[in-house]
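The values are calculated or read from the model by the stated rules, or taken from the named source; none is laboratory data. Keep in mind that this is a model prediction, so the values were computed, not measured. Neighbour counts run over all protein chains shown; Cβ positions are idealised from the backbone, glycine included.
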Amino acid sequence: MKFASEFRQGKLAQGLLSKIRGASKRPARFMEFCGGHTVTIFRYGIRQALPETIMMLSGPGCPICVTANADLDKAIALARIPGLIIATFGDAIRVPGSYTSLQVARAEGADVRIVYSTLDALRIAEENPGRKVVFLGIGFETTAPTIAASVLQAKEDGLANYSVLSLHKLCPPVIKALLDSGEVALDGFICPGHVSAITGSKAWEFIARDYGISCVVAGFEPLDVLQSVDMLVAQVERGEPMVEIAYRRGVQPEGNTEALRLMDEVFEPCSAEWRGMGTIPDSGLRLKDDYRRFDAEKVFEIDPGPTREPSGCICGEILQGLKTPHDCPLFGEACTPEEPVGPCMVSSEGSCSTYYRYGGGGIER
Amino acid sequence: MSDRILLAHGSGGTLAHRLVEERFVKPLLNPVLSKLDDAAVVDFAGRLAFTTDSYVVNPIFFPGGDIGRLAICGTTNDLAMSGARPVYLSLSFIIEEGFLLTDIDRIISSIRETTEEAEVKIVTGDTKVVDRGSADKVYINTAGIGVVPEGVSLSGRNAQPGDKVLLSGPIGDHGIAVMSKREGLDFSTKVESDCAPLCEMVAAMIAASPKIHCLRDPTRGGLATTLNELASQSNVRIVIEEERIPVRDEVLAACEMLGFDPLYVANEGKLVALVPASDAERVLAAMRKSKYGKEAVLIGEVKEGSSRVVMKTSLGTSRLIDMLTGDLLPRIC
Amino acid sequence: MCVAVPALVKSIEGSLARVEIGGIVREVSLRLTPEARVGDYVIVHTGYAINVLDQAEGEETLRLFEEIARMADGER
């Protein structure tokens, strides 16, 4: 077993699809929270293969799509400090802040380097002892432990020129905020598989228990996603919302305890601002005081200037499944894939972006 | 004497002359170039194709090629995609002060090999040296002219419903080979760039069928972007089948690790041909017989419709294939 | 989403491992998965193994899919 092509077999997908078609009687609305699932769903044309009883909605996509202008402004202000090196995942450099983006700052002379891993960022810090290196810590629970590990590594190696701008986001609090903010027309969540590899499936129990919405943790191969839909349909038909795992090879109920321990060692929860959704308590992570010398916000005087927040964005309601992109006054006018405003347009797999490019979901029937 | 390029190498004085004569002209010698006049004067008959391109790549030496081979393949391939047989090239260097002379020699030797393989001649050239920091190591520009055979008319506007879509081999090799050596990303892989001159294969294809409608090399932006260009230029719908598109395992693995879709990864030695169904088998056979088309496959067909590319997935569903927006950057999400 | 791929652990040195992902080789950190052993498959995200994949569960899931596919065939 190589854990890849086995889970893409067309023949087995057909079996799962016909099981879903046979079982799905009640109309149901499912949201895939994670942009990775959206990619799989689009790449394999899964939406059009599902019966008409099932409606799939795309969630907020990714941690970078939901990073607020104020936070991106901080990253850009840091990038403009002479001599400083910003190390970042590639996703972050295109996303606009209030006035500009990291890629524009780079064009203006900032030293912004794209890396695949914090391991590469640590190497840059080692190789440039005379310069400060700031890693942009963006990511959900999947990524946060890797950033925590880099901070611990820097501490052990005595790397004094490495720090992290922590813009991490946590998934359960934002789902809770979405569900608390009013009427939500959802019957089930496909929960993010790689976030759950760290947090465990237990992180989602409140959704089923407190809100009566079904949850299935899924992997990212097409068969994983189909299996999760099949399990959600079964729950909806039985009328018994619970948390199940459709990715048992990669996710345990209790998660990765070592990763959780490292995350807890370095970070503590804080309130965080989400693009298009506002400030949500305990939905972010900041470095604990013991690690303040690795906290870019403490190490540097960051002056990003006044934040400009776009008004009129309805991404929050789109994510709740209450509105479609066409209901938004900004859609296609002030907000386009080239100059996105809300997370659903920033993410190339977000609802708004796909509506814009394909006129309604990327589906050709 | 220094083993590096000095600003004086670009001054027009004796150092400059020596550089040009010994390191550029001597290895690339031919009767036109050896005259060293201000312009190359050549005899020419027939319909002329003319193109130019500039080459910047990081790193300049990568698995399976280098900036020199790229500069010859890129321009001769652009000529070949118009159906032309490439004949003459120009070769211009912009070199950063401090560049190693041995690296110049490596590049020129690779250029020489590639021009011999593509059967083209460098007939004119230029060299400039800029201050350290004003350029990144070396940039090359090549312009080329070629002859278009009688009766051949290729254009991205010529696609017709019913045409078959042929692809000369696995996609994404160049992009992944180059990416594997970038700072901050490095991983080891046996994938080599597919960088290759395609003019011999194109000549064989045209000999097999003069009725070929379009040829295009899917370089930056990859196969997806090229097919979108063709669909939009000809205002047709192109339908391809995912399972027929060859991608090497290693390329696929690197793409999954970095969050890429191989459909958008660059190629430098592949072509896409849109060919009337009646001639598709013959053209495919000609491709498979040539050195750089052994893995050529039919991947789909052209249909009535408007400017769209649709891919049938392995699940039997279809999805729209968009153009690449922005740069291809490694992503975590 | 979080881009992550399954990778085979080929060798381990301290908290670093050489892993193979479909023919490409890269160094990854095992800091989050100290229990990983040579021969295990791990999920790699941004250069870190974030979990060890469970071979038996993977096989069990595939067996289930095959059974579903057989049943679907039978109904047709």
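Structure values in brief
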{"item": "Given (1) part of a strand (DSSP E or B); (2) out of contact with any helix residue (DSSP H, G or I) (no Cβ under 8 Å at 6 or more places or on another chain), number of the condition C:Gly39 does not satisfy", "result": "(1)"}
{"item": "Odd one out for A:Leu226 among (1) touching a residue at least 12 places away in the same chain (Cβ under 8 Å); (2) more than 14 Å from chain C (Cβ to nearest Cβ)", "result": "(2)"}
{"item": "Filter result (within 8 Å of another protein chain (Cβ to nearest Cβ) and either of a type in the set (A, V, I, L, M, F, W, C) or under 18 Å from A:Pro82 (Cα atoms) (or both)) within the stretch A:100-120", "result": "A:Arg113, A:Ile114, A:Val115, A:Leu119"}
{"item": "Residue in the stretch B:59-77 that is modelled with pLDDT under 95, outside any helix (DSSP H, G or I) and loosely packed, with under 13 Cβ neighbours inside 10 Å present", "result": "no"}
{"item": "Filtered residue count, the stretch B:250-302, keeping only those that are at pLDDT 95 or above and acidic (Asp, Glu)", "result": "5"}
{"item": "Residue check, C:Val19 at the interface with chain A (Cβ under 8 Å from one of its Cβ atoms), crowded, with 20+ Cβ neighbours inside 10 Å and in contact (Cβ under 8 Å) with a residue 12 or more places away in the chain", "result": "no"}
{"item": "Counted residues, the stretch A:90-139 - those being surrounded by fewer than 22 Cβ atoms within 10 Å (Cβ to Cβ), on the phi < 0 side of the Ramachandran plot and of a type in the set (Gly, Ala, Ser)", "result": "7"}
{"item": "Residue selected from the stretch A:241-268 under the condition out of contact with any Leu (no Cβ under 8 Å at 6 or more places or on another chain), charged (D, E, K, R) and free of Cβ contacts under 8 Å to residues at least 12 places away in the same chain, by the criterion surrounded by the fewest Cβ atoms within 10 Å (Cβ to Cβ)", "result": "A:Arg261"}
{"item": "Among residues of the stretch A:1-40, those that are at pLDDT 90 or above, out of contact with any Phe, Trp or Tyr (no Cβ under 7 Å at 6 or more places or on another chain) and among the aliphatic types (A, V, I, L, M), counted", "result": "5"}
{"item": "Pairs where the first residue, in the stretch B:236-264, is within 11 Å of chain C (Cβ to nearest Cβ) and surrounded by fewer than 21 Cβ atoms within 10 Å (Cβ to Cβ) and the second is assigned to a helix (DSSP H, G or I) and not β-branched (Val, Ile, Thr), C-beta under 7 Å, 6+ apart", "result": "B:Val247/B:Pro262"}
{"item": "From the options B:Glu295, B:Glu242, residue that is of a type outside the set (Val, Ile, Thr) and touching a strand residue (DSSP E or B) at 6+ places or on another chain (Cβ under 8 Å)", "result": "B:Glu242"}
{"item": "Residues within the stretch B:123-152 that are small (Gly, Ala, Ser) and touching a Pro at 6+ places or on another chain (Cβ under 9 Å), tallied", "result": "3"}
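Condition check ((1) touching a helix residue (DSSP H, G or I) at 6+ places or on another chain (Cβ under 8 Å); (2) within 14 Å of chain A (Cβ to nearest Cβ); (3) part of a strand (DSSP E or B)) across all residues:
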site: B:Ala280; (1), (2), (3): no, no, no
site: B:Ala285; (1), (2), (3): yes, no, no
site: B:Val302; (1), (2), (3): yes, no, yes
site: B:Val310; (1), (2), (3): no, yes, yes
site: B:Ser314; (1), (2), (3): yes, yes, no
site: B:Arg319; (1), (2), (3): yes, yes, yes
site: B:Met323; (1), (2), (3): yes, yes, no
site: B:Ile332; (1), (2), (3): yes, yes, no
